[in-house]
1. Starting from the Cα of D:K160, step 7 Å along the direction of its Cβ; do the same at C:I6; then give the gap between the two resulting points in nm.
2. Taking the Kirkwood radius as the inverse of the mean 1/r across Cα pairs, report the Rg/Rh of region C:1-79.
3. Name the most mobile residue of D:G264, D:G348, D:G73, meaning the one with the largest mean-square fluctuation, in a Gaussian network model of chain D with Cα contacts below 10 Å.
4. Whose amide H sits under 5 Å from the amide H of A:F101, counting only residues 5 or more places off or on another chain, with H placed in the peptide plane?
5. Would you kindly state how much longer the chain becomes between C:E138 and C:A89 on full extension, computed as 0.36 nm times their sequence separation minus their alpha carbon distance, in nm to one decimal?
6. Mean-square fluctuation check for chain D, GNM, Cα pairs under 10 Å: which of D:L19, D:L228, D:L55 is largest?
7. Per-residue mean of other chain beta-carbon atoms within 10 angstrom of the beta-carbon, peptide C:148-160?
8. Rounded if a/c is under 1.5, else prolate if a/b beats b/c, else oblate: with a ≥ b ≥ c from the C-alpha gyration tensor eigenvalues square-rooted, which is region A:1-147?
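The values are calculated or read from the model by the stated rules, or taken from the named source; none is laboratory data. The model shown is predicted, which means the values in this text are computed figures rather than measured ones. All Cβ positions, glycine included, derive from the backbone under ideal geometry; neighbour counts span all protein chains shown. Please note that ligands, DNA and RNA were not included when accessible areas were found on the heavy atoms of the full protein model with its side chains. Shrake-Rupley method; radii C 1.70, N 1.55, O 1.52, S 1.80 Å.
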Amino acid sequence: MFGFLKKVGDYTRDAVGAANYLTQGLAVTFDHLRRRPITVQYPYEKLIPSERYRGRIHYEFDKCIACEVCVRVCPINLPVVDWVMNKATKKKELRNYSIDFGVCIFCGNCVEYCPTNCLSMTEEYELATFDRHNLNFDNIALGRLPTSVTSDPAVVPLRELVYLPKGVLDPHDVPDTAPRVGKLPEQVLESLPTGDAS
Amino acid sequence: MELTIPSTIPLQAYLALAAVLFCTGVWGLINSRNAVRVLMSIELMLNGVNINLMAFSNYLDGQLIRGQVFAIFVITVAAAEAAVGLAILLSLYRNRETVDMERFNLLRW
Amino acid sequence: MNIASITQLICFVALSATLVLGALGVVLLPNIVYSAFLLGGVFLSVAGLYLLLNASFVAAAQVLVYVGAVNVLILFAIMLVNKKENLAAIPGLGLRRLLSGAVCGGLFLLLIRVAFTTPWALPGPEAVGEEATIRIGEHLFSDYLLPFELASVLLLMSMIGAIVLARRDVLSSDVITGELVDQGLIEKERTPLLLENSPR
Amino acid sequence: MLTTTAPGLDLEASFEQALQGFGLSPAAAHLLWLPLPMVLVLVAAVVGVLVNVWLERKISAAVQQRIGPEYAGALGVLQPLADGLKLVFKEDIVPARADGLLFTLGPVLVLIPVILSWLVVPFGQHLLISNVGIGIFLWISLSSIQPIGLLMSGYASNNKYSLLGGLRAAAQSISYEIPLALAVLAVVMMSNSLSTVDIVNQQTGAGILSWNIWRQPVGFVIFWICALAECERLPFDLPEAEEELVAGYQTEYSGMKFALFYLGSYINLVLSALLVSVLYLGGWGFPIPVEWLASWLHQPIDAPLVQLITGSVGIVMTVLKAYLLVFLAILLRWTTPRVRIDQLLDLGWKFLLPIALVNLLITAALKLAFPSVFGG
């Protein structure tokens with residue numbers, strides 16, 4: 001008799017609990033419904049990439065000494081360094097340099113290890129092409145500097161989450177002068193203790 | 001005999017229709033080799049009977065409509081029959097791996 | 001002859017045509033799945049005839065029970081047992097069909113004769129029409145109470161019976177050898193990926 | 001059949017009177033009237049679906065903090081239309097090994113009963129196509145035709161996912177029909193009539209306080225859960241569970257035939273929401289009875305202007321309540337995960353069915369105990 005009642009009680013408690021959880025879930029959904037969309041209308045608005053963004057690699061032909069360090073540190077030995085030994089001067093003479101960005105994983109190892117800093121990461125990420133062979137950049141293409149999002153007049157640059165003031169989620173109405181959460185590099189430099197060079 | 005279109009549908013038309021349905025059902029019941037089709041034929045026969053009941057209820061017993069009550073009972077029994085029949089059919093199929101009526105002959109003398 | 005009666009006549013002719021053709025299709029079509037779908041059409045046209053006979057409640061019940069339950073059940077059964085199966089030829093099948101056809105034709109003629117020669121007490125009392133639902137309820141709970149209750153018991157019995165019959169894991173004996181076999185084990189052997197218990 | 005003498009707009013009578021004023025015979029006027037409500041309902045159903053699709057996309061976007069469609073028309077209101085147009089112009093593919101006839105017939109069989117069910121949805125005292133005596137029962141029986149269409153398209157596609165989806169849809173539809181019918185039965189028991197108009201009339205009187213939701217809270221919940229399951233809305237969208245069954249019975253469909261399924265499911269959702277508002281939320285009734293408002297403003301209730309306002313308020317209220325429920329359904333879609341097939345059947349047979357039975361019994365007892373409150 002009482003065992004049966006206990007079963008009914010458990011059953012009812014389960015049902016009420018389920019209804020409770022369902023209501024909580026609905027409340028969460030409804031709360032999200034009232035928030036403003038965080039959509040970035042991509043071709044017209046673009047996010048400013050962060051400072052250490054690893055985009056397309058920039059390469060300076062004149063600085064390169066054809067040491068092939070980049071090839072050795074690359075996980076897949078991707079950069080193609082085309083040089084010949086000049087017998088007269090006994091020096092390497094660089095002819096071509098290319099990286100295929102269809103294969104590159106943007107790990108940044110080559111940039112890290114380049115002894116002459118001739119490689120650097122840019123903030124360019126729009127690499128889409130109709131033909132994948134177009135992604136094989138030679139030293140001319142690698143030497144081009146990308147347009148910055150902030151300097152493009154056709155695009156509204158939007159601050160990314162780390163650049164926004166504390167607690168602000170929506171970058172649309174934030175004034176340019178609003179301070180960001182963390183410190184800028186120059187602010188970090190200022191805060192460092194100035195020790196003697198000696 | 002001249003053909004006149006009656007202004008209202010006569011009772012006999014429904015009865016004839018029911019007879020067609022019933023006889024089709026009987027023929028299917030006898031001749032079907034697929035057991036599911038046998039069940040379907042039974043449903044046809046029940047429906048033929050039901051049409052009769054409803055026609056009588058409308059034309060001859062319009063106030064008390066006992067025919068409709070009876071038809072509801074027939075529908076109930078038909079539902080029960082279909083459920084049990086199909087369950088039997090399923091277990092038969094599981095044992096004999098066939099739905100051929102000719103091979104369900106264990107009880108044959 | 002007014003619009004209403006013309007409409008009625010057209011409806012009757014259309015419904016009876018679909019009914020007869022559908023019934024013949026159910027019995028004669030070689031593909032059992034087509035037969036089952038046609039059976040649904042037959043049930044629907046029977047429901048239409050009930051509407052013509054001033055019985056909207058029974059028509060709705062017909063659609064609900066026959067189309068919604070019985071026909072779907074039959075379709076489920078067909079999908080479960082629908083295996084390509086070449087039926088062995090039986091001698092004298094044509095003769096059997098012919099003979100049974102003759103018997104059914106005779107039965108049909110008999111029924112027609114009875115229908116057309118009996119002096120029906122026409123015209124009967126006025127039909128109640130929309131009040132039929134109330135009348136049926138009164139009947140079911142007064143003079144037909146016992147059959148009504150019996151019908152409920154019958155439904156319960158058939159439900160339990162169908163579940164017991166169609167369950168897989170009942171112990172049963174083999175029909176040929178007579179030894180006890182576990183249907184569940186047989187199924188498991190056939191389908192080794194079957195779970196031990198149904199997932200909860 | 002209870003005859004109601006409550007006032008309200010009678011469009012049919014006034015339309016026929018107007019035509020007879022032009023010198024037409026009553027029969028001809030009636031003949032001209034006949035196709036009008038049907039066309040009107042088709043239009044209403046399709047527009048309802050378009051609004052529903054737009055709402056679904058917009059609300060889904062808002063829940064996920066997106067914007068949703070915005071370029072087709074203001075706020076993207078023309079997006080559903082564009083979707084429909086796209087589906088019309090797509091190629092109508094019938095798979096090579098499929099059963100062409102059944103493949104075509106399936107979606108039609110799914111759609112037709114849903115549209116037919118609009119017959120019984122009232123938007124006002126006389127604003128419905130036909131006040132048939134079996135009213136709500138007609139809807140229940142018509143919706144039981146749908147699984148046949150689903151099974152048909154599932155079988156005819158000649159694809160295992162389609163067949164599984166069709167079987168699941170049929171099983172789900174049958175299982176949830178029973179608690180649904182029991183929940184409706186409790187309401188019908190209180191109003192003593194199957195007619196939708198009588199069910200709404202029984203809820204008028206004290207405005208929002210006399211709505212059935214206060215007398216049938218459990219029934220309301222059961223009905224809405226079952227209606228969602230019948231419409232294959234998200235917590236119960238197993239038949240077209242895209243992760244497991246590709247798209248269930250719709251897998252092989254494209255173009256207009258797919259559009260029929262799409263249309264059918266959305267019309268079904270709108271219809272279910274409308275019927276919830278009719279059965280539990282007082283149908284066309286304003287939260288405060290219009291009669292009280294009229295008497296406060298010293299207007300006679302049968303003045304033409306008051307009649308017109310009452311009629312339009314009725315339509316607006318019905319639609320508003322329905323779309324409130326549609327909103328709830330869309331919110332539920334993004335809240336609840338899909339249930340498993342055994343959980344679904346467990347919920348239907350082991351939870352909703354007993355609860356619905358108990359609800360029915362309690363309603364009957366309460367009706368005997370308090371006939372004035374629970375319908376004499």
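1. 5.7 nm
2. Using Cα coordinates only, the ratio equals 1.06.
3. Looking only at D:G264, D:G348, D:G73, the largest GNM fluctuation is found for D:G73.
4. Distant-sequence amide H within range of A:F101: A:N136, A:F137.
5. Once the chain is fully extended between C:E138 and C:A89, it gains 12.2 nm.
6. Ranking D:L19, D:L228, D:L55 by mean-square fluctuation puts D:L19 first.
7. Rounded to a whole number, the mean comes out at 3.
8. In terms of gyration-tensor shape, prolate.
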